[in-house]
Amino acid sequence: MSFTVSILQQGLIYGIIALGVYISYKILDFPDLTVDGSFTLGASVAAISIISGVDPWVACVLALTCGLLAGIITGLLHVYGKITNLLCGIITMTALYSVNLVIMERPNISLAGQPNIFRSGFFGSDAITRLILIAIIVLIIKLILDWFFRTKKGMLIRAVGSNPQLVTSIGGNVGTYKIIGLSISNGLVAFAGSLMAQLQNFADVGMSSGVIILGLISVILGITISKGLKFISGSTASIVGAVIYQAVIGTALYLGMPTAFLRLTMATLLVTILLIGRIKREDTLK
Amino acid sequence: MKKALVILVVMAIVSAVFLVGCENSKGTENLRIGIIQFAPHPSLDNCRDGFVNTMKAHGFTEDTVTYDIQNANADMNLANTIAQKMVADACDLIVGIATPAAQAAFNAAIDTDIPIIFIAVSNPVAAGLSGHSNVTGVSDVLQVDEQIDLIKALLPEAKTVGVLFNNGEVNSVNQVEMLGESAAKSGFGFETATVANVSDVMLALESLLTKIDVLVNVLDNTVVSAMPSIADRCAEAGIAIIGSEEEQVRNGALASSGFDYTDVGSQGADLAKRILDGERNINFELVKETQVTINEAVVQALGINVPEELAAVAEFVK
């Protein structure tokens, strides 16, 4: 039972990463590698703020803000620097590694015994309460995003990826909306980093290893699975995808699979799901 | 409404899978010891083997103990998941090898009274692992003073000490700080160059070579991985290397004052035995056994004179 709770806690935080990746990869059609840096950015900003005595909730907001800035930098490089999207992400991600080291002053900060949104006493501190708190946070983020992408600005950001001519034709600036989208995406990922640092009680400069893969797999997993289920929005699908991702890893560990095979398992799962999705599509076309 | 329903159903299925999994893994009378190794790495492998072998020598054989040995492959998120699984399995003891694995184990067990043993954590205080009743371990803090003493004995002409390290590894940063203090105390100049991964090592080394008389290694995973090429380049430049463990001396370092990681693991096993016998509130320990090792071939190549009192205690390798 407690393992299920842990899986859900971690899975839902990954859900926030997946939401961020969903915005860049799916909505903006922009494979953004910045997230590998902004996840740790969020964790390091939150960690250094908390040990300097900043309220943990404020620390989360600071992390979110720094993530927004990171996304803006990638966006500016792409839109005004005319650098290809993949390269922009790589540049910002690489730079963020140094930035994170400078922010933290050392590669690893322990938060053991520090105030923490999960242990503030206000919400209680057992595992179930922590899970409920994370679920509420994820739900709020999802609802805000769903609302935002139905506003006029949100609609235009959605059009950037699928139909940029439309944006230009009604007098919008594709570049500006791209930057806003990337900014939101990285803000979310940094926010997830700040939650993760508090959940695991430490921030480490190497903690983003695999985050972009995790985000992409979650989004593709979620969207492929929920295809045909029209009432599931892309945001929900991404969160569900992240939880499934974590559940698969948890199950594999439970079944005693050597950890060296975990990535292979994920790759196999992804290929299987993509192929099933494709076969289904071909069937309906016939 | 429908959406919420679907989410609930998915969550229910996921939970059901795990509950079934939980039942299967229970039901044995054996003690259960979980070991999380942070990454595949020769030194960490030695810690693990030293731990398990000494545990068996203490009578905790596989007949009475189930060892759950997992490698996180340097993925911190995975280290967390592994630690959570071990806590859910109600392990009687969890061992974390290297700082992030130890922190993951500590954090996963924070609401329980499962004892945690850390191995190969160079600064347990900074890692938040000291001062908890159920946490103890072995700190592999490098004997930097002994390294500096080796330089004084073997290279009396040396004035400036250089060190290469990955500033993303918390263990290395701690050791370099200590090494710098120790070098300053003995009147040496101190130069550093940092790398982020193995491919940076050679360039960083070039930037150091002209400024230093001797290169000192700390226990840095990145730099140690590139040891064979570092040794080649330093031999060309006529710069001696003082290593941080015996293996580096075999790979071309002049000498080291260090320890065998098998002994570190085995010291952890001694702590584990005390804990399983019911003892608590044990302070963490520093590595006990250190040994000076000298490479004869390098001594000859650099024309170094080994003082007799050092030669008497040192172990020579070729």
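The values are calculated or read from the model by the stated rules, or taken from the named source; none is laboratory data. Quantities reported herein were computed from a predicted structural model and do not represent experimental measurements. Cβ sites come from the backbone with ideal geometry, for glycine too, and all protein chains shown count toward neighbours. The area values use the complete protein model at the heavy-atom level, side chains included, leaving out ligands, DNA and RNA. Shrake-Rupley method; radii C 1.70, N 1.55, O 1.52, S 1.80 Å.
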Would you pull out the residues with amide H under 5 Å of B:L129's amide H, same chain only if 5 or more places away, H placed 1.01 Å from N?
-> none
Karplus-derived 3J(HN,Hα), 6.51/-1.76/1.60, for each residue of segment B:278-284, Hz, glycine and proline x = x, 6, 9, 6, 8, 5, 6
Output the DSSP H helices from chain B with an along-axis C-alpha extent of no less than 20 Å and a mean Kyte-Doolittle hydropathy no less than -0.5.
-> B:2-25, B:170-185, B:261-276
Phi angles of segment A:150-157, converted by Karplus (6.51 cos²θ - 1.76 cosθ + 1.60, θ = phi - 60°) into ³J(HN,Hα) in whole Hz with x for Gly and Pro, give 9, 6, 4, 4, x, 4, 5, 4
Just need the relative contact order of chain B here, percent rounded to a whole number, with Cα pairs under 8 Å and 6+ apart.
-> 18
Here the Kirkwood hydrodynamic radius of segment A:167-286, Cα-based and in Å, equals 16.9
If you put +1 on each Lys and Arg Cβ and -1 on each Asp and Glu Cβ, how big is the dipole of the protein assembly as shown around its Cα centre, in Debye rounded to 20?
-> 4020
With the charge dipole of the protein assembly as shown built from beta-carbon charges (+1 for Lys and Arg, -1 for Asp and Glu) about the Cα centre, the Cα from A:S24, B:N77, A:A112 projecting farthest to the positive end belongs to A:S24
Shape category assigned to chain A from the gyration tensor of Cα positions, a/c cut at 1.5 | oblate
Could you work out Rg/(2.2 N^0.38 Å) for the protein assembly as shown, with Rg from alpha carbons only?
-> 1.04
Quotient of Cα radius of gyration and Kirkwood radius for segment A:1-160, i.e. Rg/Rh, equals 0.99
Can you tell which of A:L199, A:V138, A:T176 lies farthest toward the positive end of the dipole of segment A:2-208, using +1 and -1 charges on the Cβ of basic and acidic side chains (Lys, Arg; Asp, Glu)?
-> A:T176
Most mobile of A:G234, A:G89, A:G206 in a GNM of chain A (Cα contacts under 10 Å) = A:G206
Shape of chain B, Cα gyration tensor, a/c cut at 1.5 | prolate
Sparsely packed trypsin sites (Lys or Arg not before Pro) within segment B:87-185, loop by DSSP, other Cβ within 10 Å at most 13 | B:K159
Rough spin-label spacing in nm, given labels placed 7 Å along Cα→Cβ, for A:R281 and A:V58 | 4.9
Per residue accessible area of chain B, 1.4 Å probe, in Å² | 41
Build a GNM of chain A with springs between Cα atoms under 10 Å: which of A:A43, A:A159, A:A59 gets the top mean-square fluctuation?
-> A:A159
With each label point set 7 Å from Cα along the Cα-Cβ vector, what nm distance links B:A312 and A:D29?
-> 8.0
Take every residue in peptide B:105-114, count the Cβ atoms of other chains within 10 Å of its Cβ, and give the average of those counts.
-> 3
Net dipole in debye of segment A:2-208 [+1 Lys, Arg Cβ; -1 Asp, Glu Cβ; about Cα centre; nearest 20] = 520
Quick calc: nm separation of the 7 Å Cα→Cβ label points for B:H58 and A:L166 -> 6.6
Translational D in µm²/s for segment A:219-286 (Stokes-Einstein at 10 °C, 1.306 mPa s, Kirkwood Rh from C-alpha pairs) | 122
How many lysine pairs are close in chain B, with Cα atoms under 29 Å apart and the two 8 or more places apart or on different chains?
-> 19
Within a 10 angstrom radius of each residue's Cβ in A:247-255, how many Cβ atoms of other chains show up on average? Whole number is fine.
-> 6
How much accessible area is lost when chains B and A come together, counting both sides, with a 1.4 Å probe, in Å² rounded to the nearest 100?
-> 4000
Excluding ligands, DNA and RNA, the carbon-plus-sulfur percentage of the accessible area of chain B with a 1.4 Å probe reads 51
Tell me, what is the FRET efficiency for B:E181 and A:W147 to the nearest 0.05, using R0 = 41 angstrom and their Cβ-Cβ distance as r?
-> 0.15
For chain B, what is the charge dipole size about the Cα centre, in debye to the nearest 20, if Lys and Arg each add +1 at the Cβ and Asp and Glu each add -1 at the Cβ?
-> 1040
If each part is reduced to its alpha-carbon centroid, segment B:119-150 and segment A:122-167 end up apart, in Å, by 43
Go ahead and set up a Gaussian network model of chain A, Cα springs under 10 Å, then flag whichever of A:Y22, A:Y254, A:Y245 fluctuates most.
-> A:Y254
